[in-house]
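> Structure below; questions to follow.
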Amino acid sequence: MFRLTKTCGRARRGEFTCAHGMVQTPVFMNVGTQGAIKGALSAEDLAEIGCQVELSNTYHLHLRPGDELVRDLGGLHRFMTWDGPILTDSGGFQVFSLAGLRKIKEEGVTFASHLDGHRIFMGPEESMRIQANLGSDIAMAFDECVENPSPYDYVRASAARTARWLARCKAEHDRLCAQEDTVNPAQMLWGINQGGTYEDLRIENMKTIAGLDLPGYAIGGLAVGESTEAMYKIIEAVEPYMPKDRPRYLMGVGTPSNILEGVARGIDFFDCVMPARNARHGRLFTWEGAINIKNAKYERDESPIDPRCGCPTCRRFSRAYLHHLFKAEEMLGMRLAVLHNLYFYNELTARIRTALEVGDFAAFRAEYSEKLARKI
RNA sequence: GGGGGAAUUCCCGAGUGGCCAAAGGGGACAGACUGUAAAUCUGCUGUCAAUGACUUCGGUGGUUCGAAUCCACCUUCCCCCA
């Protein structure tokens, strides 16, 4: 399932295998919350930009079009015509992002739908059933993503509850996978570490969930209010307690520099809405830093977004053209920008993998960690 | 030829005596965005030695302590009647 092929300090190069293929790690997973990458990208585009894993969302697909409909149509892979690995997030992030629309109890969370306000109850069992219907390769545990900073006592109680929810997730997941008509009997369940910015809570929680012997572990509840330095500190504190032979996933992170620094701290899987969202807003990543294509200085710039980029956008189109498309609000501009940014993220992890293989990772990190964080 | 209406800061447009450097849009300029309620949100948009000063509301002159707002004439545009 997961095999480490090389390490460099805490950084790891590995291969992960699931029902829909092999994933080379470290990897960036491309976010398509509702079964599509925002910016008008299809599964076909995902292949072209080097995507290895697509990520979709339990809460959103449950609301629309409905997970039972997706199951009846053959599962999410068939529905969106993506044959590669899919990870589904559990709805735990919506406990954070839709904080004003939900109530948490021991049994689970009651949401007021952000679409029409109707009540939706989602607990560990519901989340597992929805993800089973979607047929993803990796189902994430249903957790509470707690905003930072939050009071110690609240975080301690919340992390303990999330750990109890994890045991319920595992029981329900095992039951569902054993059923005859299950969409993806090889679906895995990954656990999620919580504990806010408190190292002792993080470590205690990690020890507890590691005992469940799950095929993968994630660090959740980061990049939700704390500083970058605080985030790195937590990763460094928890990492030693994560099983060495299982993939580690840093949920929702992050900037190109965050990913590089995450790899350096022992992370294998990443995902983030940032490349797609920033692309839609005109902020494009390059190997020299991020540019804002809407800036007047690109009006007559005939060079590509990044001369070192091999993406479908950079192979053909100039900054001047992209600038025009954004100013004119042509949707092609957004699409070309998203193609570029996601290609860039996938290429970033590909170059990190190569650097790990040839033993250049430290040099690569030294060259790019600061450079990638620049805005130019 | 006769009658009526209008000219406001980059554009549209509110304002009809002091609370007006002038509402509100748009555009321009810039910023934010981290398991997506985000093709969204925020800032800024007369000048300067700048908690104040100066210039500005088609032009010129006037009334007034005070004028984008009132008066006279001029210019331009629009509408109606011939």
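> Name every residue in region A:207-232 that is open to solvent by 10 Å² or more (accessible area, probe 1.4 Å) and of a type in the set (Val, Ile, Thr), in order of residue number.
Here is the first cut: in region A:207-232, the residues open to solvent by 10 Å² or more (accessible area, probe 1.4 Å) are A:207-208, A:210-213, A:215, A:223-230, A:232.
Within region A:207-232, A:Thr208, A:Val224, A:Thr228 qualify.
Conditions tested, residue by residue: (1) more than 10 Å from RNA strand B (Cβ to nearest atom); (2) in a helix (DSSP H, G or I).
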| position | (1), (2) |
| --- | --- |
| A:Leu189 | yes, no |
| A:Gly196 | yes, no |
| A:Asp200 | yes, yes |
| A:Met206 | yes, yes |
| A:Pro215 | yes, no |
| A:Ala218 | no, no |
| A:Gly221 | no, no |
| A:Glu226 | no, no |
| A:Ala230 | yes, yes |
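> If you don't mind, another one. Could you please find all residues in region A:95-110 being closer than 18 Å to A:Ala163 by Cα and either of a type outside the set (Lys, Arg) or in contact (Cβ under 8 Å) with a residue 60 or more places away in the chain (or both)?
A:Val95, A:Phe96, A:Ile104, A:Glu106, A:Glu107, A:Gly108, A:Val109
> Run down A:Ile267, A:Ile235, A:Ile259 and say which single residue is part of a helix (DSSP H, G or I), under 22 Å from A:Arg3 (Cβ atoms) and open to solvent by less than 10 Å² (accessible area, probe 1.4 Å). Can you show your working first?
Working: A:Ile267 fails: part of a helix (DSSP H, G or I); A:Ile235 fails: under 22 Å from A:Arg3 (Cβ atoms).
Among A:Ile267, A:Ile235, A:Ile259, only A:Ile259 is part of a helix (DSSP H, G or I), under 22 Å from A:Arg3 (Cβ atoms) and open to solvent by less than 10 Å² (accessible area, probe 1.4 Å).
> Quick check on region A:153-171. Is at least one of its residues within 21 Å of A:Leu214 (Cβ to Cβ) and in a loop (DSSP other than H, G, I, E, B)?
Just the residues of region A:153-171 that are within 21 Å of A:Leu214 (Cβ to Cβ), to begin with: A:158-171.
The next check asks that each one be in a loop (DSSP other than H, G, I, E, B); those that pass are none.
No, region A:153-171 contains no residue that is within 21 Å of A:Leu214 (Cβ to Cβ) and in a loop (DSSP other than H, G, I, E, B).
> Still on this structure, please answer the following. Does A:Val95 fit the bill of being crowded, with 23+ Cβ neighbours inside 10 Å and away from RNA strand B (no atom under 12 Å from the Cβ)? Break it down stepwise before answering.
Working: crowded, with 23+ Cβ neighbours inside 10 Å: yes; away from RNA strand B (no atom under 12 Å from the Cβ): no.
In short, no.
> Follow-up. Could you list all residues from region A:280-320 that are open to solvent by 80 Å² or more (accessible area, probe 1.4 Å) and away from RNA strand B (no atom under 16 Å from the Cβ)?
A:Glu302, A:Pro307, A:Arg308, A:Arg315, A:Arg316
> Name the residue that is farthest from A:Glu126 (Cα to Cα), counting only residues in region A:70-90 that are surrounded by 13 or more Cβ atoms within 10 Å (Cβ to Cβ) and of a type in the set (Ser, Thr, Tyr).
Ranking the qualifying residues of region A:70-90, first place goes to A:Thr88.
> Just one of A:Gly35, A:Gly39, A:Gly14 is under 16 Å from A:Gln131 (Cα atoms), out of contact with any His (no Cβ under 7 Å at 6 or more places or on another chain) and open to solvent by less than 40 Å² (accessible area, probe 1.4 Å); which is it? Working first, answer last.
On the way: A:Gly39 fails: under 16 Å from A:Gln131 (Cα atoms); A:Gly14 fails: under 16 Å from A:Gln131 (Cα atoms).
Among A:Gly35, A:Gly39, A:Gly14, only A:Gly35 is under 16 Å from A:Gln131 (Cα atoms), out of contact with any His (no Cβ under 7 Å at 6 or more places or on another chain) and open to solvent by less than 40 Å² (accessible area, probe 1.4 Å).
The values are calculated or read from the model by the stated rules, or taken from the named source; none is laboratory data. Treat the numbers as computed from the prediction; the structure is a model and nothing was measured. We place every Cβ from the backbone using ideal geometry, glycine too, and count neighbours over all the protein chains shown. Remember, those area values only see protein heavy atoms, side chains included, never the ligands or the DNA or RNA. Shrake-Rupley method; radii C 1.70, N 1.55, O 1.52, S 1.80 Å.
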